[in-house]
Every structure is written in structure tokens, then in C-alpha cells.
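Heads up, the thing below is written out as C-alpha cells.
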Amino acid sequence: MTARRTPAMGFVACAMIAWSACGGGPAPSSPTPVPPVSDAGSLKATGSGKLVGTAIQAGFLSDARYRAVLDREFNYITAEYQMKWDAIETSPGVRDFSAGDAIVAYADSQGARVKGHTLIWHGSVPSWVGGLSAADLRIAFESHIRAVAGHYRGRLLAWDVVNEAVADDGSGLRDTVFRQKLGDGYIADAFRLAHEADPQALLFYNDYGGEDMGAKSNRIYDLVKGLQAQGVPVDGVGLQMHISANGRPSDASISANMARLASLGLLVNISEMDVRINNVAGSTQARLDAQKSAYHDIVRLCVMEPKCHAVTFWGFTDAHTWIVGDTPLLYDAQYVRKPAYFGVLDALSGR
């Protein structure tokens, strides 16, 4: 997630049988009345064959309403912030895994699976990293990946290994501290190190703005294809899907992009989905209907693509969303299911 805003296959099959804003969010939307909870079923119980996930933060688990929805609806958990480098190692060599451990322990207690997020991202480096020499950054980079992936060895289904490494215009790699000091090969190095630290975990490249066919998705496709050609252990691509209901990519273009990634033998995730609606013209009902349609149609694309094995929403209640001034999620701030929820339920149910 950005501030702008194969033994592995057998492991996935088992998982399918089994699972910097926080605090108060924007004002709740005013959805039309929806069926009571007992009439609606559960997202994870639809029989779609897909993992159904959400991003969470450990501090929210003390809220009984939050836990009730999390337990009922989701079998795949992503740590929204608390497994990132700056959250774990604020001071060099001093690592605090307590928040991430709490998330993993909670998921284990509910029979859910966990996706780690994220080992390498330019947006979550501790302040001390930027001042390191190239040689010292290499040491810190390798130590971080080995320590964090190794700490959770055997307990996570997957990792977002490298996040948002491609420039927004698709012209090449983003000019991050890692690229500047370690060279373009840092991405391949990160995947190799993660695989060494946790050989069972599925390893994903994750990005935004490359969900449909276009310059950025072309560059992402070339990147992962190139990694494969080098023998780098990459298992899939996460398509973040932070979108607006009235300006989203077309279904055909998203489907085509998923299909070409799948043709490489890669898994595909919808990895961070939320749908903004405040810029949709018309009434509140019109905005909610547009949001429902966007959620339904895009989740349905994942359901129809055999290699799309999971869809994860970047939170589930508008009470806790990184998007300020909008209501992008499936539940409103009062934990009432919005029309968007029923769009997702229909898509996962094959409707």
C-alpha cells in the first residue's frame, strides 16, 4: 500500500481448504437498509475456492465488533503496517515483532492464513537506513530479510517480498534507495533471500497502477518474466486495486492482464482492494450502487481466473481506512454491511 493513495501450489490448495492512517476514519456513509447479519451468510463460506482476505492492525483486535466481523468473514489476513521494516526495526539491530506476532497468533486461533506485508518497500524504511553506505545497506538489507522472514518461517502462507518497485509511468524501476545503492538486482536478491529464509512461503511482487493492460503493467510483466528467466523464486503478482468507482480499469483489461500473468505460471492476487466513491456524481444511493458494481465485477474476475487464488480488501470497515475523506470499504463505520458487501458476496457465490 502506498501513501498516495512447485510444491507451493499444493500448499495453496491446502490453504484454500483451511485461511499511515489508523484509528478513527471518515464519517460513515448512509447505506440503504440491508438484510440482517443472519440472512447474509459469510464471504469466506461462499465456496468460491478463493481465499478471502483483509488487512488488519493488531490494536484493532481489542474491539469486539471488529473481531466479530473479522472472524465471520475472512480466512486470509494481511498485516497492514506491522510487519514493515520501520515498524519492526526503528533502531538498528533492535527488532520488535510483538505486533506482527499478535496478528499471526490471532489468525492461528481462528484457522486463518497470513500474508506477510512487506519485506522491501521504499515507503517503510526506518530513518537510519537512508544514511547508510552502499556496503552497509547491503548488510542491513540482507539481515532484515533473513531476520523477518526467518522469524515467521513456516507460519505464513505468503509474503509480499518487494512492493511498488516499478515507476508509475512504467518507464523502468522506481529510483529508490535500494536501486540507487544496491542496483537493479536488489529485487532478485530479495526474493532469493526470502526463499532461503522461508522455503515454504509463496513469494509475491506487489504493486498498484498495473492492474489492467498498460505501460506500468507491461513493465511489471517484463519484470516478473525476467525474474523467472533468472531462476528467481517468484510465485505470483499482487494487483493492489486501490480504485475509484467512476474511474476504474475496464473488466476486459484487468482480465487480460490476469490471464497473461497466469500464462507465466504465476498466481495472481487482488491484494489491497478498496473503492473510493466521493467523486461519483449523484445521490448517496448512486455512489453506493457504483461502489457495489465495482466490487462485484472485479471480484468476479478473480473468481473466473483459475490462477487468481485470493482477494484481499485493504480493511473492511470505514471506521479504519487509510483513505481520508472517503468511505471505500465493505462495512460502514458503524459496522453495518454496505451494498458493496453484497456485491462481493454475489461475486464469490457465482452470481
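Within a Cβ distance under 15 Å of ALA333, other residues only, what is the Lys/Arg minus Asp/Glu net charge?
-2
What is the local net charge at ASP189, summed over the other residues whose Cβ is closer than 11 Å to its Cβ (Lys, Arg +1; Asp, Glu -1)?
Once all neighbours under 11 Å are counted, the net charge is -1.
What is the packing order of peptides 83-95, 203-215, taking the mean over residues of other C-beta atoms within 10 Å and listing the highest first?
Going by the mean number of other Cβ atoms within 10 Å, highest first, we get 203-215, 83-95.
Excluding ILE77 itself, what net charge comes from residues whose Cβ is under 14 Å from its Cβ, given Lys and Arg +1 and Asp and Glu -1?
Within the 14 Å Cβ shell, the charges total -1.
Please report the relative contact order for the range 47-348, taking Cα pairs under 8 Å with a sequence separation of at least 6, and give it as a percent rounded to a whole number.
It comes to 16 percent, rounded to a whole number.
Using Cα extents along the principal axes in Å as the read-out, say which of [x] 59, 41, 38; [y] 63, 49, 37; [z] 76, 39, 35 was calculated from these coordinates.
The calculated read-out lines up with [x].
For the chain, what is the percent of antiparallel DSSP beta bridges, rounded to the nearest 5?
Bridges in the chain that DSSP calls antiparallel: roughly 10 percent.
Indicate, rounded to the nearest 5 percent, the antiparallel portion of the DSSP beta bridges found entirely in the range 147-283.
Within the range 147-283, antiparallel bridges account for around 5 percent of the total.
Just to confirm my numbers, what's the Cα centroid distance between the range 276-330 and the range 98-116 in Å?
25
Only helical DSSP H runs with n ≥ 4 go in: add -39500 (n - 2.57) per run for the chain, normalise by residue count and round the 222 nm mean residue ellipticity to 500 deg cm²/dmol.
It comes out at -12000 deg cm²/dmol, rounded to the nearest 500.
Would you be so kind as to identify which of ALA165, LEU227, ALA99 lies farthest towards the positive end of the dipole of the chain, taking Lys and Arg as +1 and Asp and Glu as -1 on Cβ and the Cα centre as origin?
The one lying farthest along the dipole's positive direction is LEU227.
Taking 0.36 nm per residue of sequence separation and subtracting the Cα-Cα distance, how much length would be gained by fully extending the chain between GLU142 and ASP251, in nm to one decimal?
35.3 nm is the gain from fully extending GLU142 to ASP251.
Any read-out appearing in this document is the output of simple, stated calculations on the displayed coordinates, not a laboratory observation. From a predicted model like this one, the values you see are computed outputs, not experimental measurements. In this analysis, Cβ positions are derived from the backbone assuming ideal geometry, glycine residues included, and neighbour counts consider all displayed protein chains.
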